[in-house]
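The values are calculated or read from the model by the stated rules, or taken from the named source; none is laboratory data. Quantities reported herein were computed from a predicted structural model and do not represent experimental measurements. Cβ sites come from the backbone with ideal geometry, for glycine too, and all protein chains shown count toward neighbours.
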Amino acid sequence: MSEKIKNKIEKLREQISEYNYQYYVLNNSVVSDYDFDSLLKQLEELETKYPQFDDANSPTRRVGGDITKNFPSVKHGFPMLSLSNSYSKDEILDFEKRISKIINSSFEYTCELKYDGVAISLTYENGELVRAVTRGDGEKGEDVTANVRTINSIPLKLRGNYLKKFEIRGEIIFSHKAFQKLNNQRKQDGDPIFSNPRNTASGTIKMQDSSIVASRKLDCFLYGLYSDDLQIDSSFEVFNLISKWGFKSPSIENRYVEKVASIDKAMEFINYWDKQRVHLPFDIDGIVLKVDRIDFQKQLGSTAKSPRWAIAYKFKAERVSTLLENIVYQVGRTGAVTPVALLKPVHLGGTIVKRASIHNADQMAKLDLCIGDVVFVEKGGEIIPKIIEVDLAARKSSLSTAKFIEQCPECGSALVRNDGEAQHYCTNAISCPPQIKGSIEHFVGRKKMDIEGFGAETVELLYQNKLLGNIADIYELSYNDLIPLDRVAQKSATNLIKAIKDSKSIPFEKVLFSLGIRHVGETVAKKLARNFKSIDVLMKASLEELVEVDEIGEKIAISLRDYFSNEKQIEIIKRLKAYGLNFTVKEQLNSSEIFKGLNIVVSGKFANISRDELKNVIEKNGGKVVSSVSSKTDLIVAGENMGPSKLTKAQALNIELCSEEDFLKKIADPQIEKTKNISTQGELPF
């Protein structure tokens, strides 16, 4: 029976891996999302039921779930050198001259796109991914294997006739599509948007929660192969070879990589992509030139920092000049006022640019802008237009320096700027239109009140029809209010009213987050709710009492006191309470103090309870959830596929481990004195 189950699991893994390869490497969809998800769910259930058939490279690892507090330092098998940069054809010609002095024969170049991402080195043994390491200082990098396993275009198991052991190098990137989707979601959630794909990819690959990494849909191109057993003559051969093993390598057909016979042909490749890069679905910042023959590469060698046989040609950030026609001011949800330059439309990076953020008054003064100036504009991080400088030679003597406004452009209220802050703010949160609409959009968003179907267009429609003036008005809406409005169908109206009603069950910490109090994000709201238990107690808390709460600093405390001293905000809260929203922490029946004073780590996947639910149960029963294993850890709740580093450390420190089953039993019956200790008993019995 066990052999039959094992074969079924292995067959499912092979089938799912093949579908992943077809979709993420070959861009070929051969199965519906529904069928794929069904197969993945079936595999997850079997792996949970039969942990003896665990595999670190199972396709189920793509969804993440590991929590990594520290990323261990790992020495590269082969030094991970950086490339020398060049910015002109003359520098490329100098590069060729240096090579020609050492190599007394003709040679070819491999030309590749220089991906604007995060350098990564992957180690494979016996066809399986065993380690993923960042560049670091070139000698050592950080082990980010758990996060890299979530990237669908990186094979966990190889195909074909691969080398027994090798390292392969490449770049982890964010595609424009995935990056835009992430920023759209963050905007909807009221979170700050990210500025560019490269920095976001870098931050993502070092996140502690691999499930978040998985949700962001990173991608990867691989191009450098390193092994003592490698027997190829040319860099260009690498791309055909690794594609046979299942890697997503740069496309020869799309001219992402090309072998050329001269430096002039290399410059043609550079010039082609300098113009065409705007059409790529990802960012590049230059072209890499490599001497193609491997024996020549060995002959040329490397300096301490860079190989002598390769060079990067860096594209200059595209810069254009245009006319600054005006400066307008946008008011955000929190009242922050941002100056925005209105430009004479100009082509930049494949798009027409009409606007550019100036960020704040300090930046505006630094640029010394005058309406009517000729300004130079670049795309920051290849994405966001920004003014770099003014063409002072073209400035007319009649122009005068633009001054930052003193009153809100929307409601006329005086602007304030707090000490130590760059932004000016409109403090009229109650009747300033952008703040009203922004606060409502924030209130109904995901992770807050989560009222489905209540997007920005709906907020605008209801505001314009005077059905909404603040967040409390949401709970006075009726079906009859909605149905006469344009673009509102009967089903939409019914669903929206139901979603509003359902939101009344949202717990206090999320209601508090939804209020949109400045500096009170999701984590702060949770800490405040658990410390003060109700909105009434929180509203009466002094500055000193607020600051005493863990991670609540003076800035947050002052913001809370300002919010609760506003009579109109208090009136809105009273209305929300009357409509039935939760403004107290509802103690659960299973609450106790069985974990009082204990530091508890949660690791692995759980069959009967989500990680978030498990953490909530721990906290409601007096425990504190911590992310890393240390000598201060009292207990680890160990699920399926617990991180091996956590297990090793737990065994070394003799920390008690508790299975999911025993944990749930203990919660159901707090009289159970001791959980099952399995900290030093070899394999986990679950």
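Details
- Scanning region 196-234 for residues that are among the hydroxyl-bearing types (Ser, Thr, Tyr) and not in a loop (DSSP other than H, G, I, E, B) returns Thr200, Ser202, Thr204, Ser210, Ser211, Ser215, Tyr223, Tyr226, Ser234.
- In region 418-446, the residues that are crowded, with 21+ Cβ neighbours inside 10 Å and over 26 Å from the mean Cα position of the chain (by Cα): His424, Tyr425, Cys426, Ala429, Cys432, Gln435, Ile436
- Residue within region 575-594 that is at positive phi, modelled with pLDDT of 90 or more and surrounded by fewer than 19 Cβ atoms within 10 Å (Cβ to Cβ) present: yes
- Of the residues making up region 370-377, one or more are at positive phi, surrounded by 14 or more Cβ atoms within 10 Å (Cβ to Cβ) and either hydrophobic (A, V, I, L, M, F, W, C) or free of Cβ contacts under 8 Å to residues at least 60 places away in the same chain (or both).
- Among the residues making up region 457-505, those that are of a type in the set (A, V, I, L, M) and either closer than 16 Å to Arg575 by Cα or touching an Asp or Glu at 6+ places or on another chain (Cβ under 6 Å) (or both) are Val459, Leu467, Leu468, Ile471, Ala472, Ile474, Leu477, Ala499, Ile500.
- Residue among Ser321, Ser306, Ser302, Ser357 that is in contact with a Phe, Trp or Tyr (Cβ under 7 Å, 6 or more places away or on another chain) and among the polar types (S, T, N, Q): Ser321
- In region 153-187, the qualifying residues are those that are over 16 Å from Tyr115 (Cβ atoms) and touching an Asp or Glu at 6+ places or on another chain (Cβ under 8 Å), and the one that is surrounded by the fewest Cβ atoms within 10 Å (Cβ to Cβ) is Lys164.
- Residues of region 447-472 that turn out to be outside any loop (DSSP other than H, G, I, E, B) and either surrounded by fewer than 19 Cβ atoms within 10 Å (Cβ to Cβ) or in contact with a Ser or Thr (Cβ under 8 Å, 6 or more places away or on another chain) (or both), as a count: 7
- Top-ranked residue of region 636-654 - restricted to ones that are modelled with pLDDT of 80 or more and in contact with a Ser or Thr (Cβ under 7 Å, 6 or more places away or on another chain), ranked as surrounded by the fewest Cβ atoms within 10 Å (Cβ to Cβ): Asn654
- Filter result for the condition that a residue is touching a residue at least 60 places away in the same chain (Cβ under 8 Å), in contact with a Pro (Cβ under 9 Å, 6 or more places away or on another chain) and closer than 29 Å to Glu142 by Cα, over Phe247, Phe239: Phe247
Here is a yes/no grid of residues against (1) surrounded by 13 or more Cβ atoms within 10 Å (Cβ to Cβ); (2) more than 29 Å from Met207 (Cβ to Cβ); (3) at pLDDT 85 or above:
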{"site": "Ser2", "(1), (2), (3)": "no, yes, no"}
{"site": "Tyr21", "(1), (2), (3)": "yes, no, no"}
{"site": "Phe36", "(1), (2), (3)": "yes, no, no"}
{"site": "Gly77", "(1), (2), (3)": "yes, no, yes"}
{"site": "Met80", "(1), (2), (3)": "yes, no, yes"}
{"site": "Tyr109", "(1), (2), (3)": "yes, yes, yes"}
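- Options Ala529, Ala489; residue that is among the small types (Gly, Ala, Ser) and surrounded by fewer than 20 Cβ atoms within 10 Å (Cβ to Cβ): Ala489
- Against the test of being under 22 Å from Asp486 (Cα atoms), touching a helix residue (DSSP H, G or I) at 6+ places or on another chain (Cβ under 8 Å) and β-branched (Val, Ile, Thr), the options Ile436, Ile430 yield a single qualifying residue, Ile436.
- Every residue from region 328-354 that is among the charged types (D, E, K, R) and within 26 Å of the chain's Cα centre (by Cα): Arg333
- Conditions (1) surrounded by fewer than 13 Cβ atoms within 10 Å (Cβ to Cβ); (2) assigned by TED's automatic domain parsing to the domain that holds Ile618; number of the one not met by Gly604: (1)
- With respect to the stated conditions, Arg355 fails to be farther than 23 Å from Tyr272 by Cα, crowded, with 16+ Cβ neighbours inside 10 Å and touching a Pro at 6+ places or on another chain (Cβ under 9 Å).
- Selected residue (criterion: modelled with the highest pLDDT) from residues of region 193-209 that are surrounded by fewer than 18 Cβ atoms within 10 Å (Cβ to Cβ) and in contact with a helix residue (DSSP H, G or I) (Cβ under 7 Å, 6 or more places away or on another chain): Met207
- Of residues in region 277-310 being among the hydroxyl-bearing types (Ser, Thr, Tyr) and farther than 30 Å from Ser195 by Cβ, the one modelled with the highest pLDDT: Ser302
- Whichever residue in region 224-263 is acidic (Asp, Glu) and exposed (fewer than 13 other Cβ atoms within 10 Å of the Cβ) and, among such residues, is nearest to the chain's Cα centre (by Cα): Glu253
- Looking at Phe239, Phe247, just one residue is modelled with pLDDT of 90 or more, assigned to a loop (DSSP other than H, G, I, E, B), more than 23 Å from Leu93 (Cβ to Cβ) and out of contact with any Asp or Glu (no Cβ under 7 Å at 6 or more places or on another chain), and that residue is Phe247.
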